[in-house]
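The values are calculated or read from the model by the stated rules, or taken from the named source; none is laboratory data. Every value quoted in this text rests on a predicted model; they were computed, and no experiment measured them. Glycine also receives a Cβ, built like all others from the backbone with ideal geometry; neighbour counts cover every protein chain displayed.
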Amino acid sequence: MTDKIGPVLVTGGTGFLGKSLVRALRQSGEIVVIFDLAEPPAESRVEGVHYVKGDIRDLVALLALCKTHDIRAITHLAAMVIPGCKANPVLGAEVNLIGHINVFEAARALEISRLVYTSSLAARPRAPFDSPVNLYGAYKRCCEDIAKVYALDHGIKAVGLRPNIVYGPERTEGETAAITHAMRAAAQGKPYEMPFRGKMCFQHVDEVTDIFMRCLAADPRKPIVSDLTTELRTVEDLMAAIRAVIPKADVSAADVVRNSPSRLDNTPLRNLLGDWDAVSLEEGTKRTIEALSAKPGIGG
């Protein structure tokens with residue numbers, strides 16, 4: 001991006017994807033404000049970023065933050081993921097649905113036109129009932145419809161992105177963190193069994209961050225919801241990619257098959273952005289293992 005779009009608010013900015021996006025925004029010269037429940041330790045903070053501790057369910061606090069920092073763009077990442085929503089459905093609904101509405105209310109009240117939010121491939125219907133198969137996906141499907149209603153009622157043309165299996169050296173939480181855990185174990189010379197197998201879109205955090213940056217700079221003519229990438233690969237492909245970097249890696253997968261959506265479509269995103277630099281599973285695996293192997297106490 002060449003023209004400044006911010007100050008940019010990143011909700012959930014201390015999480016895995018948030019940290020990568022915040023670094024990219026700062027490198028592009030943007031003023032960045034993070035609104036998150038977590039306060040990172042001083043050594044992991046990005047220089048020049050404003051960290052504000054708060055709850056996405058608190059609209060008053062969110063509006064005050066946006067006014068104080070003159071927020072002009074929002075990337076909404078804050079969410080409870082699959083295990084948390086299953087364990088506490090009510091809290092999951094409050095965070096994922098009420099929090100989502102609060103972000104749109106802030107954008108409406110302060111006339112913030114640039115808004116990018118994370119949905120999830122979990123929102124896509126799939127077997128056995130042609131619907132999302134977990135509460136997280138059901139909440140995210142609802143969030144997509146809420147965004148469209150705000151476009152009808154208030155003209156907010158948000159971009160909703162559906163990541164699938166986002167991986168990279170800093171991923172530690174969520175059901176699909178197993179992909180990165182397998183790479184981490186390989187880098188440490190330890191055995192690891194992934195809890196599932198099946199076909200999915202493996203998306204390296206560098207490519208996902210680039211897509212988010214491009215969406216923030218875009219000017220959509222209507223609300224957009226889109227898958228990110230559409231190439232389905234198997235867990236067997238993943239294990240082969242790991243062994244291509246570490247031939248003796250002891251990685252395996254359980255017999256549990258993770259459900260995949262029946263179809264993928266990133267046409268809306270391609271129409272908005274054009275092409276971008278893809279990161280193949282093989283290249284992303286190599287980058288991740290090399291980054292993990294470079295950390296103190298981890299040998300390749």
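For (1) of a type outside the set (D, E, K, R); (2) at positive phi; (3) part of a strand (DSSP E or B), each residue gets a yes or a no:
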residue	(1), (2), (3)
Leu152	yes, no, no
Gly160	yes, no, yes
Val166	yes, no, yes
Thr172	yes, no, no
Ala178	yes, no, no
Met183	yes, no, no
Ala186	yes, no, no
Lys190	no, no, no
Glu193	no, no, yes
### Query
Which one is farthest from Tyr167 (Cα to Cα) among residues in the stretch 226-279 that are assigned to a helix (DSSP H, G or I) and among the basic types (Lys, Arg)?
Arg270
### Message
Given the condition at pLDDT 95 or above, in contact with a Cys (Cβ under 9 Å, 6 or more places away or on another chain) and not polar (S, T, N, Q), answer yes or no: does some residue in the stretch 199-216 qualify?
### Response
no
### Query
Is it fair to say Lys157 is touching a Pro at 6+ places or on another chain (Cβ under 6 Å), of a type in the set (Lys, Arg) and either crowded, with 16+ Cβ neighbours inside 10 Å or over 30 Å from Arg270 (Cβ atoms) (or both)?
yes
### Task
Residues being under 20 Å from Arg108 (Cα atoms), of a type in the set (Phe, Trp, Tyr) and without any contact (Cβ under 8 Å) to a residue 40 or more places away in the chain: count how many of those fall in the stretch 23-62.
0
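Against the condition in contact with a strand residue (DSSP E or B) (Cβ under 7 Å, 6 or more places away or on another chain), hydroxyl-bearing (Ser, Thr, Tyr) and assigned to a helix (DSSP H, G or I), how does Thr209 come out, does it pass?
No.
For Glu175, indicate whether it is out of contact with any Gly (no Cβ under 9 Å at 6 or more places or on another chain) and either under 30 Å from Arg72 (Cβ atoms) or not basic (Lys, Arg) (or both).
For Glu175, the condition - out of contact with any Gly (no Cβ under 9 Å at 6 or more places or on another chain) and either under 30 Å from Arg72 (Cβ atoms) or not basic (Lys, Arg) (or both) - is met.
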### Task
Check Asp265, Asp255, Asp206 and return the single one that is over 17 Å from Arg124 (Cβ atoms) and surrounded by fewer than 15 Cβ atoms within 10 Å (Cβ to Cβ).
Asp255
### Residue list for the stretch 275-300, restricted to those being modelled with pLDDT under 95 and of a type outside the set (A, V, I, L, M, F, W, C)
Asp275, Asp277, Ser293, Lys295, Pro296, Gly297, Gly299, Gly300
### Residue check for Lys19: touching an Asp or Glu at 6+ places or on another chain (Cβ under 7 Å), surrounded by fewer than 16 Cβ atoms within 10 Å (Cβ to Cβ) and of a type in the set (Lys, Arg)
no
### Message
Being more than 13 Å from the chain's Cα centre (by Cα) and surrounded by 19 or more Cβ atoms within 10 Å (Cβ to Cβ) is the requirement here; does Pro169 meet it?
### Response
yes
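To keep it simple, each residue is scored yes or no on (1) over 17 Å from the mean Cα position of the chain (by Cα); (2) closer than 20 Å to Ala182 by Cα.
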position	(1), (2)
Val205	no, yes
Ile211	no, no
Ala218	yes, no
Lys222	yes, no
Ser226	no, no
Asp237	yes, yes
Ser252	yes, yes
Val256	yes, yes
Asn259	yes, yes
## Note on the structure
Note: among Ile112, Ile98, Ile82, Ile71, just one is closer than 19 Å to Leu37 by Cβ and in contact with a strand residue (DSSP E or B) (Cβ under 9 Å, 6 or more places away or on another chain), namely Ile71
### Summary
Out of (1) under 16 Å from Phe16 (Cα atoms); (2) β-branched (Val, Ile, Thr); (3) touching a residue at least 60 places away in the same chain (Cβ under 8 Å), the one Ile179 does not meet is (3)
### Message
Filter the stretch 1-22 down to the residues that are farther than 13 Å from Asp70 by Cα, out of contact with any Pro (no Cβ under 9 Å at 6 or more places or on another chain), β-branched (Val, Ile, Thr) and in contact (Cβ under 8 Å) with a residue 12 or more places away in the chain and list them by number.
### Response
Val10, Thr11, Val22
